[in-house]
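Have a look at the structure below before the remarks.
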Amino acid sequence: MSVIKLRERLLPFLRWLPLQRSAVRADIIAGATVAMILIPQSMAYAQLAGLPAYYGLYAAFLPVIIGAMWGSSHQLATGPVAMVSLLTGTALTQFAAPGSEQFIALAILLALMVGIMELAMGLFRLGAIVNFLSHPVIVGFTNAAAIIIALSQFNKLIGVHSARSDRFLGDVWDVLLRIGDMHLPTLAMGLLTLAVILLIRRYRPVWPGVLIAVALTTTLSWAIDFERNTTASPLDFRDPHVRNVIDSLVALDDRSRVLREATAEKAGEITRLATSNGVDHPRLIMLNADLEFLKLELRAVEAEHRVRFAELRRLRFTGVRGAEGGSAYRLVSTVEPGTTTDGRRWIVARIDGTRIRLTGGGEVVGTIPAGIPQPAMPKIDWETLIKLLPTALIIALIGFMEAISIAKSMAAYTKQRISPDQELIGQGLANIVGSAFQSFPVSGSFSRSAVNLATGAVSGLSSVVAGVIVLVTLLLFTPLLYHLPQAALAAIIMLAVASLVNFKAMVHAWQAHRHDGIAATVTFLATLSFAPHLDTGILAGAGLAIILYLYRTMRPRVAVLGRHPDGTLRDAQLFNLPTSERLIVIRFDGSLFFANVPYFEDVILEQAAKHPQARYILVVGDAINELDASGEEMIRHLARRLQQNEVTMVFSGLKRQVLSVMEKTGLYAAIGAQHFFRTEEAALAAISQWLHDPTFDEKFFPLVRTAAEPPAAAIDSAQAPPSMK
């Protein structure tokens, strides 16, 4: 590898140089435009991933810059995307409560794992591994995932809380059953966001519609005091059932805190003992067992906390005057007619110790920490790595496939050469560096990449500009985002994924091949059914696609040939052509390998049984691209078996790689060089002479010869060994 190529592989952003003034100006404009979309979108996708919205800004800073500098595409915009965010959120929900410290830690660790996998695939040039996910499978998965994304935001759009569980469709049904509890101002904010974006997209497409909608709804939220927060103590709730739920949540919080401290202490003791006395110390067995029991109890306590808190979040309270003149809260359903209330509907937002935070309006983003997060690698333990490994692999494959497909589609316009392996390196480094700064998994964004291209981006400098603008936002403007309604973010997500729903592509796959249609449909239904375990859906679809492919290769098309009036050899059954009783001509349309060897043998023997007078079987092998050991062994035994019945196998049109296998194994010599021909016409000419039947040509296979290929020359050439051809 030359020095220049090595430098471009290690520092691919040097290819941007030298930067022309016009190119720099175009990149600055494109980067600023993309940043206007990136900031609100990244916050929305963080919410989709189950994280606080400001984590989207962390994922929109360094990963955007690193992905552009070490990728191969000049216009690909890396950062938070809907599909990867959904996979992150649904996968981690089974291990921790969304938004909790443990959930955030798992998301950051997942980004590191995805980055390492992508980087490793790029360094070892394994970009072709994504081909195991066929296009019909991706189409089915994308349609189902888009629907799941949209439905997952429906509760936020109408202001009805929904806890995530292992039954996504059940969660959606639960929201529909409680649609009467919708918060109308929240719905109005969401619909306003949709209307603004759609109107600007239609009448002023060059304007940053998403940013304008965010600015408008945030300003309106601040002006009308959309959030309306207050705090209360457990004693302020008058319903006994509610008091019991709150007391149990406080107790579960205390118990989980004690268990976390005990787990950390036990892990530290194990580390100290292993360091000082070695890993074979007998006391380590007991300590490890104690640690596992603590972890099991902690998971059980956290799961119970999620269930109880979800139960509390579903309840609606109203403020009433207490017996001693203070404020009290009663369930709306238990307030007696005529009781004076504050006229609001309160829900529990969070419990901090013995203080309960209530919200009587719509949900907003809330406080965003100013500045960039301090660099720190996520905590790693073997058990967590094993649990997250399947999810990390799926996200790595889906994320890279999304990124490379976008990059290739843009390269068709820019004529830029795209390197899948270099793109893997760029995406991998983006996730690894991002995880050190509290980012969740990222990939290439179709919408932002399209804007980047449309606004004239010339190089990856545009993404660097976008990342710098996000940095400035983190440093200076985070207080302005406090009142951004969650419903507005939900509307942005729903609108962004609407274009991903493409049922025509599934119909097209069915029209192309029935097996492709089945794979797409099964992937779609499995992804919906198994949600939130989306990895199960796509693995089921990918597995089915591979099985159907193997089934097709096990029974490739086999045609018995006859002479067509136009002089060519064609399928005798399809065109109703006459055939010979003394010669069978068969075309095998597929490679000969272990999966279809029995089928090939059955077809040959079946035709031999149907034509007992046949003395020759000509195998037209133009379509045989490969021959493995199983195929070679089958042909050897089949030729010997037919020879015992005075039937000779003849081959025509075999490719170099097939003849090479036959030469190496001695099969070519065993069958005889005189039985191999370049073309079927040469083979028919030889067989006609071998049969000693002067009427054979005219009755069954009249030969079509050209002056350039007389029969004798064809025969002489055909009988030469493969090494001379």
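If you roll a 1.4 angstrom probe over the protein chains with everything in place, what fraction of the accessible area of the chain belongs to carbon and sulfur, to the nearest %?
61 percent
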| Extended-chain gain in nm, criterion 0.36 nm per residue less alpha-carbon gap, Ala609 and Leu10 | 209.2 nm
| task | Could you pull out the trypsin sites (Lys or Arg not before Pro) across segment 410-500 that fall in loop regions by DSSP (anything but H, G, I, E, B) with no more than 10 other Cβ atoms inside 10 Å? | result | Lys415, Arg417
| Summing +1 for each Lys or Arg and -1 for each Asp or Glu, what net charge is found among the other residues whose Cβ lies under 11 Å from the Cβ of Phe317? | +2
| Using alpha-carbon coordinates, inclination of helix 656-665 to the longest axis of the chain, degrees | 70 degrees
| By a straight-distance test (C-alpha under 18 Å), which aspartates and glutamates pair with Lys295 as possible cross-link partners, with residues fewer than eight away in the same chain excluded? | Glu101, Asp253, Asp254, Glu261, Glu265, Glu269, Glu304, Asp381, Glu383
| So between Ala303 and Ala629, what do we pick up on full extension, going 0.36 nm a residue minus the alpha carbon distance? | 111.9 nm
| said: Can you give me the long-range amide H partners of Ala77? Hydrogens built in the peptide plane at 1.01 Å from N, cutoff under 5 Å, separation of 5 or more residues or another chain. | reply: Ser445, Ser449
| task | Would you mind finding the longest exposed-site-free stretch of the chain, with exposed GluC sites (Glu not before Pro) meaning DSSP loop and at most 11 other Cβ atoms within 10 Å? | result | 1-323
| task | Report the calculated FRET efficiency for Ala673 and Thr536 (r = Cβ-Cβ distance, R0 = 56 Å), to the nearest 0.05. | result | 0.55
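Provide the gained length on full extension for the span Val24 to Asp239, in nm with one decimal, where the gain is 0.36 nm per separating residue minus the Cα-Cα distance.
Working: separation 215, 0.36 × 215 = 77.40 nm, distance 6.48 nm.
Full-extension gain reported as 70.9 nm.
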| message | Just to verify a number: FRET efficiency for Arg201 and Arg167, C-beta to C-beta distance, R0 = 30 Å, to 0.05? | response | 0.25
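Which of the pairs Lys266/Lys387; Lys379/Lys408; Lys610/Lys655; Lys156/Lys504; Lys415/Lys504; Lys156/Lys387 have their Cα atoms more than 32 Å apart in this structure? Working shown, then result.
Numbers: Lys266/Lys387 21 Å; Lys379/Lys408 36 Å; Lys610/Lys655 29 Å; Lys156/Lys504 29 Å; Lys415/Lys504 29 Å; Lys156/Lys387 29 Å.
Table pairs above 32 Å Cα-Cα are Lys379/Lys408.
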| What is the ratio of the Cα radius of gyration of segment 44-131 to 2.2 N^0.38 Å, where N is its residue count, to two decimals? | 1.15
| said: Taking the solvent-accessible surface of protein heavy atoms with a 1.4 Å probe, what is the per residue accessible area of segment 87-134 in Å²? | reply: 39 Å²
| task | Let me know the shape class of the chain, please: from the alpha-carbon gyration tensor, a ≥ b ≥ c as square roots of the eigenvalues, rounded when a/c is under 1.5, otherwise prolate if a/b is greater than b/c, or oblate. | result | prolate
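In the neighborhood of Leu489, defined by Cβ-to-Cβ distances under 13 Å, what is the net charge if each Lys or Arg adds +1 and each Asp or Glu adds -1?
After counting each charged neighbour, the total is 0.
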| In nm, to one decimal, how far is the modelled label at Gln573 from the one at Asn229, with both set 7 Å along Cα→Cβ? | 7.4 nm
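The values are calculated or read from the model by the stated rules, or taken from the named source; none is laboratory data. Computed from a predicted model, the values in this text were never measured in an experiment. Note that each Cβ is placed from the backbone with ideal geometry, even for glycine, and that neighbours are counted across all protein chains shown. Remember, those area values only see protein heavy atoms, side chains included, never the ligands or the DNA or RNA. Shrake-Rupley method; radii C 1.70, N 1.55, O 1.52, S 1.80 Å.
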